[in-house]
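Take a look at the structure below.
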Amino acid sequence: MKTQNLIIGILTASISTARASPPPPPPAPSLATLFRAAAVTSLHPDAPGARTDNPADRLNSGAALNAVDQLTAVPTSAGVRSAPLPPKQGPLFSLSGEYNYLNTNDSRFLGSDSQTHSMSIGGTGLFNGDFLVGLNYSYSRTDSAMNILGSYNNADQNFISLIVAKSFMQFLSIGFAGGYGHTDYTIVGPGGRLPANMDTWTVSPFIAASYQTGRLNTSLTAMYHYENDRTTAPGIAAITDDSNKISLTLRASYAATERLKIQGSVKFTEILSGSGQSVGLPVARAWATFGTKVSYSFSKALEVYAGYSYDAFNQFLDTHTVNGGLRYSF
Amino acid sequence: MSNPCRALCAERQIFPGVTHRLLVAGLLFVLSSTDGSDASEVRSRSAVSRPAVDFHGFVNWDFRHRRKLKGWMATARVIQGTLDQWYPGRLAHTVMENGTSAALHGFLHSLPTRAESELSVVYLASHQSPEGKWDFVQRKLEPLSTIAGDSNIPGHPVRMVIVDACYAAAFRRDPVWDSAWQSSFLFAADADEETQELNFRSPQPVDLGRRYPAATAWLNQHMGKGWDGKLSFLGFVWVQTFVTSKGVPVSQDGWREFLRRCEQTAREFRQNADRRLASSVTFVALPTRGVPVRERRK
């Protein structure tokens, strides 16, 4: 009973926050109204940008790391490039597809555990050996079980991301990824079904330094991630979240054979700022992600890979990710 | 920090003593600074009265504004080493590193005549534009054919000029080039393509150690532990053709056969190993007509 009162108290407070309207105080809300408010606010137990299973961050980060890999793999040539380019010096294109499965366990009282299946496809063009442009699209399906009021939700997430990057000399890459995403939620609980949706805008500039010696290739990538999320639902005032975070990714890959490569990575993420306090949930400010990846080239053009990563040292969220994909270059 | 104008001169050994290096480097630096001076004055001579083969290299590699061409410097050492193995005790060699365009002028002008050597091998490497302009480490772009045309290169009936740069064959467009040299040429790339660096220390993108064990063994034995495994594509082609050669080329025909096989090695690499890392190595033979031997202008 005490817990129920606490929940209702929190939800009432969150409605007031969401509406941001001055007194007089509203009449006592019905259970259905409470549910609707709870459902929407529980979409944001913290800013989406602060979650370890954030799809926009995953898409931008993946695109950036892929760009760094491609730019640093360009061999040294003894050329002074000028326009127009000679015909044999054409661009290098690649197409890729990737599947991700994420399992997140939220240990907070009002948190939500989730499972995500995500597919992404993308294409890049490497021009002049040092300039990369890419476009990526991902579709994710997230099923969340919320501890609040025993409700759950399904989210269909569509994201598109554009990336531009350029390398300098043999070791430095600079670029940015940015995109737009739209999420459709269906929230199911004691008060019925509630549709909601969220629009997301992201910008992620990054800089990377790479070094290769023999079989070992290392890179350090620093990325800033800004994300704006605006959630709307019928009868509920829109909720806007802005989050800012930085990440530092250290990767080392070892070329075992001409076809096989093994990679290990450590990513440190820190939240600089984010609203994300709509229901007063605690937010982890920093965590580390440890990952490994194995890739195999069937030919010079076709590469397949599989990976696993785990978000450690996050106070509240445990996320395991497995993924697999392929890349075709031509 | 390396001296912008260094030279290595040695006889019968690939790596001369430090003192010798410094002395020669100092001399060539002074000579290059005075534009047009004759670097042959400092070319050391074998204890043998007349060496059979002269190898002269001019390599721009230590760039600060572009990618460093360490692999091209290693290629100069590879060519020098193979010649030394083929003609033991009969090789004189000079490799000038990171010289100015004025130093290149002097370098070309001081190439040996027939009276000084029986075979002259010249190795030229730098960043190059599709228009045939060479980039010098001093951030100066100049057309190589113009430099060659102005250098009054001494003629030699058995001279082989190796141009190891992107768009290397672009020089053939300029008639000044052929008339300045009157030599056989080995170009590392067509006029419309780049030439790349290979890495023998990494199995990706091509496991050179597994695919070309004989060349790898030769390089490991002769390049020393300090070598980082990088070689220009032409350097790979050269050493792979060298280790698969049955005999020493002792005549012009022998050299023609060797250089034709270099072309073949490059083609096979493109077909079997990696299309993007390969470039079209092209041998252009000395015209069959008589070659006038032009003595150095005094």
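The values are calculated or read from the model by the stated rules, or taken from the named source; none is laboratory data. Please read these numbers as outputs of a predicted model, since none were measured by experiment. As a convention, Cβ positions derive from the backbone with ideal geometry for all residues, glycine included, and neighbour counts pool all protein chains shown.
Here is the figure for region B:194-203: residues that are touching a residue at least 40 places away in the same chain (Cβ under 8 Å) and at the interface with chain A (Cβ under 7 Å from one of its Cβ atoms) total 4. With respect to residue B:191, determine if the residue is touching a residue at least 60 places away in the same chain (Cβ under 8 Å), among the aliphatic types (A, V, I, L, M), at the interface with another protein chain (Cβ under 8 Å from one of its Cβ atoms) and surrounded by fewer than 24 Cβ atoms within 10 Å (Cβ to Cβ). Yes, satisfied. Within region B:267-283, can one find any residue that is away from chain A (no Cβ under 12 Å) and closer than 17 Å to residue B:86 by Cα? The answer is no, given that none of the residues of region B:267-283 is away from chain A (no Cβ under 12 Å) and closer than 17 Å to residue B:86 by Cα. Residue B:235 meets all of the listed conditions (1) of a type in the set (Gly, Ala, Ser); (2) modelled with pLDDT of 90 or more; (3) out of contact with any strand residue (DSSP E or B) (no Cβ under 8 Å at 6 or more places or on another chain) but one, namely (3). If I filter region B:97-106 for residues that are under 22 Å from residue B:232 (Cα atoms), within 14 Å of the chain's Cα centre (by Cα) and among the charged types (D, E, K, R), do I get at least one hit? Within region B:97-106, one or more residues are under 22 Å from residue B:232 (Cα atoms), within 14 Å of the chain's Cα centre (by Cα) and among the charged types (D, E, K, R). Test residue B:143 against the stated conditions and say whether it is within 21 Å of residue A:77 (Cβ to Cβ), more than 17 Å from the chain's Cα centre (by Cα), at pLDDT below 90 and buried (at least 21 other Cβ atoms within 10 Å of the Cβ). Answer is no for this residue. Beta carbons closer than 7 Å, at least 6 apart along the sequence or on distinct chains, pair a first residue in region A:208-228 that is in a strand (DSSP E or B) with a second that is among the basic types (Lys, Arg) for A:218/A:251; A:219/A:251; A:225/A:245. Only residues that are away from chain B (no Cβ under 14 Å), surrounded by fewer than 19 Cβ atoms within 10 Å (Cβ to Cβ) and touching a helix residue (DSSP H, G or I) at 6+ places or on another chain (Cβ under 9 Å) were counted across region A:241-266, and they come to 2. Taken residue by residue, region B:226-240 has no member that is more than 14 Å from chain A (Cβ to nearest Cβ), within 24 Å of residue B:82 (Cβ to Cβ) and not in a helix (DSSP H, G or I).
So, in region B:58-74, how many residues would count as being more than 7 Å from every other protein chain (Cβ to nearest Cβ) and over 12 Å from the mean Cα position of the chain (by Cα)?
The total comes to 8.
With respect to residue B:176, is the statement that it is modelled with pLDDT under 85 and surrounded by fewer than 23 Cβ atoms within 10 Å (Cβ to Cβ) true? Yes: the conditions hold for residue B:176. When we screen B:54, B:84 for residues that are more than 14 Å from chain A (Cβ to nearest Cβ), assigned to a helix (DSSP H, G or I) and of a type outside the set (Ser, Thr, Tyr), the only hit is B:84. So is residue B:152 touching a Lys or Arg at 6+ places or on another chain (Cβ under 6 Å) and surrounded by fewer than 23 Cβ atoms within 10 Å (Cβ to Cβ) or not? Yes. Please determine whether any residue of region A:110-128 is in contact with a strand residue (DSSP E or B) (Cβ under 6 Å, 6 or more places away or on another chain) and in a loop (DSSP other than H, G, I, E, B). No.
Considering only residues that are facing chain A (nearest Cβ under 8 Å) and not in a loop (DSSP other than H, G, I, E, B), look in region B:117-132 and name the one that is nearest to residue B:80 (Cα to Cα). Once the filter is applied, the top-ranked residue is B:125. Assess whether residue A:189 counts as being over 30 Å from residue A:155 (Cβ atoms) and touching a Gly at 6+ places or on another chain (Cβ under 9 Å). So residue A:189 fails the test.
Being among the small types (Gly, Ala, Ser) and within 14 Å of chain A (Cβ to nearest Cβ) narrows it down to one residue among B:170, B:215, B:180; which is it?
Going through B:170, B:215, B:180 in turn, the sole match is B:170.
Applying the condition of being surrounded by fewer than 21 Cβ atoms within 10 Å (Cβ to Cβ), more than 14 Å from every other protein chain (Cβ to nearest Cβ) and β-branched (Val, Ile, Thr) to region A:173-230 and asking which residue is farthest from the chain's Cα centre (by Cα) yields A:188.
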